[in-house]
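A short reminder: the numbers here are calculations on the coordinates, not readings from a lab. Keep in mind the model is a prediction, meaning the values are calculated, not measured. Note that we place each Cβ from the backbone using ideal geometry, even for glycine, and neighbour counts take in every protein chain shown.
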Amino acid sequence: MDQEERYKLRIEREKKARKEAERLLQEKARELFTSNEELKKSKDNLQEENERRTYDLIRVQKLAKIASWRWNLKKNTIIWSTEMDFVLELDPNTYTNKARAYLKKCLPDERKRIKEFFYNIISKSSNNISDNELIIEHTIVFHQGKQKNLRVKCECIYDENKELEIMLGTVQDITEHVDYRNQLNKRVKELEKLHEELVKAQIQADLENQRKSEFLSTVNHELRTPLTSIHGALELIKMMTPNDTKRKVDELIDIAYRNSHRLKFLVNDILDTEKIDSDNIKFNFKKYLITDLINEAVELNKPYAQKYNVDFKITGTIPEIYINADKDRFFQIMSNLLSNAAKYSHEGDKVDISAYLKLNRLVISITDYGLGMPEEFKDRIFTKFAQADNSDSREKEGTGLGLYLTQKMVEKHNGKVSFKTKEGKGTAFFVHLPYEEK
Amino acid sequence: MSDTKKLNKILHIDDDNDIRAIAKMSLETLGGYEVISCNSCNSALKELENHTPDFILIDVMMPEIDGPETLEIIRKQDKFKDIPVVFMTAKIMDSEIERLRQRDINGIIKKPFDPSELCSQIQKIWDENSA
């Protein structure tokens, strides 16, 4: 091969090599372009992802009404999320100092409490702080009295020297939650009150049942006691033979009569008690001159005075005034008090009856100078069958309901009964009633 | 209690004068028993110093010292530990009777009682107790 041919071949090879180099260059350029495109695309994706996350965070914070914040204590900077401005209802262009803008929304007491809350966290070391100390709930106020409840939660980040470097956390608007909680507490309190009332009502009903049962038991006992004597006396009379003495027959008749009398009073008083307790008693109120009523009542009860050999004595002048009274019930009141006075007097004693005006009330007093009441009896004289276990009273033919009925009937006359007593010295009863001038 | 002993002396404690009179008359006239009547626990204790009854009837509802307390006081004396005691009561509701039955007694007679039956009721309890 000559030189020229070799030259041609070399040129050809160089051409070919250049062509190949150009092809490779083009290929590399294409690859570079593609790679660049992908990089750009990836950058765009990343930005998009970032934007989406930020957007989501803002949306989520808005939905949950939770703002986030971060306080760098070393640099003394605070940053917070956009939601904080919504929660605090602040225009970000109107403040520069975030802490001040926040505290400005609080009333002085709350401000003090929040400052103490943060001072406490700052003053404590990392292992000396409880979870409770990292949460505070407080209120913020707006114009026209509107207010919000916020819950602040903190987390502390300490540096290598264990010094507090950063505090970060959330501020949540819990107004709805607090309102709900308050409503719930209110409802719970209402329910507790209702429960308390129900328990009270139950106790009251139980007591009432117990009282009724005790009353029934006592009534049963009180009715059976005279009935025992009546039944026994009559049966003994029935079984008598002509050999039995008249004295014995008379004694049995006396027993039967005395006890039938006692039974009659007892039945009447029990019926009156039932009527008055169930508010089923009718009072026929009319205007009466008190002088007439008292004189007539004393006259009607003279047989008691005679029976016990005592003297019913009206002392002083009875005022010329009128009272609104049910005449029969008024006499029943007087009869109970006068008969008691006679029963508990010593033979030959007097019983003083007087009437006077005091503190816009007519006071009728009935005073005996007899046995008086034992101290332990004073508290229960107006209760039903108060004297049921008192032998003296039984011997003195009481039904045990007289003073209970007296008090109730006086109350129906818009009045009250009081008494003074001293054992061995006597007892004075006072009936206080409203009156009308002549 | 000896099965040969005859019921003779009965102590009756009741605060109601008339019921005491009726019971005494019934037991003495119809039963031929000897009756010591007392109106309270204290007067019964005085009588028990001088008398040893065969049988005791005690009213339940009495002032100051009631029937069950009276029973307890009497039972404390050794010589009355085993004496037949019967409560007489006008408190006859089931719960009350049940409560009384828990006591150391030999029977309960409800008021009003029949004078004609009182003797046989007491005699029956006496016989059961003696058997």
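Need one word for chain B: rounded, prolate or oblate. Basis is the Cα gyration tensor (sqrt eigenvalues a ≥ b ≥ c); a/c below 1.5 gives rounded, then a/b vs b/c decides. Mind dumping the intermediate values first?
Values: a/c = 1.17, a/b = 1.09, b/c = 1.07.
Rounded is the answer for chain B, as its axis ratio a/c remains below 1.5.
For peptide B:8-18, the mean count of partner chain Cβ atoms within 10 Å of a residue's Cβ comes to 3.
Taking the Cα centre of the protein assembly as shown as origin, sum charge times position over the Cβ atoms of Lys and Arg (+1) and Asp and Glu (-1), and report the length of that vector in debye to the nearest 20. Walk me through the numbers on the way to the answer.
Details: 94 positive and 99 negative charges, 577 e Å.
Dipole size: approximately 2780 debye.
In sequence order, region A:39-54 has phi-based couplings of 4, 4, 4, 4, 4, 4, 4, 4, 5, 4, 4, 4, 4, 5, 5, 4 Hz under the Karplus curve 6.51 cos²θ - 1.76 cosθ + 1.60, θ = phi - 60°, and Gly or Pro positions carry x. Projecting the Cα atoms of A:334, B:102, A:257 onto the charge dipole of the protein assembly as shown, computed from C-beta unit charges around the Cα centre, puts A:334 farthest toward the positive end.
The H on the amide N of residue B:60, modeled in the peptide plane, is under 5 Å from the matching H of B:88, B:90, each at least 5 residues off or on a different chain. Around the Cα centre of chain B, unit charges on the Cβ atoms of Lys, Arg, Asp and Glu (plus for the first two, minus for the last two) sum to a dipole of about 240 debye. Within the shell defined by Cβ-Cβ distances under 13 Å, the residues around residue A:416 carry a net charge of +3, with Lys and Arg each +1 and Asp and Glu each -1.
Distance from the Cα centroid of region A:102-141 to that of region B:94-131 is 81 Å (rounded to whole angstrom).
Of all the options B:36, B:97, B:105, the one that moves most in a Gaussian network model of chain B with Cα springs shorter than 10 angstrom is B:97. Among the trypsin sites (Lys or Arg not before Pro) in region B:56-125, those located in a DSSP loop and surrounded by at most 10 other Cβ atoms within 10 Å of their own Cβ are B:76, B:81. Take the alpha carbon gyration tensor of the protein assembly as shown, find the square roots of its eigenvalues, order them as a ≥ b ≥ c, and report rounded if a/c is under 1.5; if not, report prolate when a/b exceeds b/c, else oblate. It is prolate, given that a/c is not under 1.5 and a/b is the larger ratio.
If I take R0 = 35 Å and measure r between the Cβ atoms of residue A:279 and residue B:64 in this structure, what FRET efficiency does the formula 1/(1 + (r/R0)^6) give, to the nearest 0.05? Working shown, then result.
Working: r = 36 Å, r/R0 = 1.04.
Efficiency computed from Cβ-Cβ geometry: 0.45.
Here the extension length gained between residue A:111 and residue A:208 equals 29.3 nm, from 0.36 nm per residue of separation less the Cα-Cα distance.
Pulled fully out, how much extra length does the chain show between residue A:32 and residue A:133, if you take 0.36 nm times their separation in residues and subtract their Cα-Cα distance? Kindly include the intermediate steps, with their values, before the conclusion.
Working: separation 101, 0.36 × 101 = 36.36 nm, distance 5.85 nm.
Full-extension gain reported as 30.5 nm.
Against the main long axis of the alpha-carbon atoms of chain A, helix A:108-123 sits at an angle near 60°.
In this structure, residue A:198 and residue A:176 have a Cβ-Cβ separation that, at R0 = 22 Å, corresponds to a calculated FRET efficiency of about 0.10.
For chain A, the longest principal axis of the alpha carbon atoms and the long axis of helix A:246-277 meet at an angle near 30°. The trypsin sites (Lys or Arg not before Pro) found in region A:61-135 that occupy coil by DSSP, while having at most 15 further C-beta atoms within 10 Å, are A:74, A:75, A:124. Of the residues A:126, A:369, A:87, the one whose Cα sits farthest towards the positive end of the charge dipole of chain A is A:87 (charges of +1 on Lys and Arg Cβ, -1 on Asp and Glu Cβ, taken about the Cα centre).
With a Förster radius of 56 Å, plug the Cβ-Cβ distance of residue A:335 and residue A:186 into 1/(1 + (r/R0)^6) and report the FRET value to the nearest 0.05.
Details: r = 56 Å, r/R0 = 1.01.
Using R0 = 56 Å, I get an efficiency of 0.50.
Under 5 Å between amide hydrogens, built in the peptide plane, is the criterion, and for residue B:40 it picks out B:14 among residues at least 5 positions away or on other chains.
In order along region A:28-37, phi translates into HN-Hα couplings of 4, 4, 5, 4, 4, 4, 4, 4, 4, 4 Hz, rounded to whole numbers, per the Karplus curve 6.51 cos²θ - 1.76 cosθ + 1.60 with θ = phi - 60° and x for Gly and Pro. Counting only alpha carbon atoms, the long axis of helix A:327-343 and the longest principal axis of chain A meet at about 70°.
The distance from the alpha carbon centre of region A:25-58 to that of region A:408-428 is 106 Å, rounded to a whole number. Taken along the Cα-to-beta-carbon direction at a fixed 7 Å, the label points for residue A:425 and residue A:59 span 9.4 nm. Overall, region A:1-117 carries a charge dipole of about 640 debye about its Cα centre when +1 sits on the Cβ of Lys and Arg and -1 on the Cβ of Asp and Glu, all other atoms neutral.
Based solely on its DSSP helices, what 222 nm [θ] is calculated for chain A when runs of n ≥ 4 H residues each add -39,500 (n - 2.57) and the sum is averaged over all residues, nearest 500 deg cm²/dmol? Write out the running numbers ahead of the final one.
Details: 11 runs with 238 residues, N = 438.
Helix contribution divided over all residues of chain A: -19000 deg cm²/dmol.
Could you pull out the longest piece of chain A with no exposed loop GluC sites (Glu not before Pro) in it, calling a site exposed if DSSP puts it outside H, G, I, E, B and it has at most 14 other Cβ atoms within 10 Å? Longest run free of exposed loop sites: A:164-319. Approximating the spin labels as points 7 Å out from Cα along Cα→Cβ, the residue A:243-to-residue A:93 distance works out to 13.2 nm. Partner shielding of A:232-238 amounts to 6, given as the average count of beta-carbon atoms from other chains within 10 Å of each residue beta-carbon. For region A:133-195, trypsin sites (Lys or Arg not before Pro) meeting the loop criterion (DSSP other than H, G, I, E, B) and having at most 10 other Cβ atoms within 10 Å: A:146, A:162. Here the simple spin-label model places points 7 Å from the Cα toward Cβ, and for residue A:311 and residue A:292 these points are separated by 2.9 nm.
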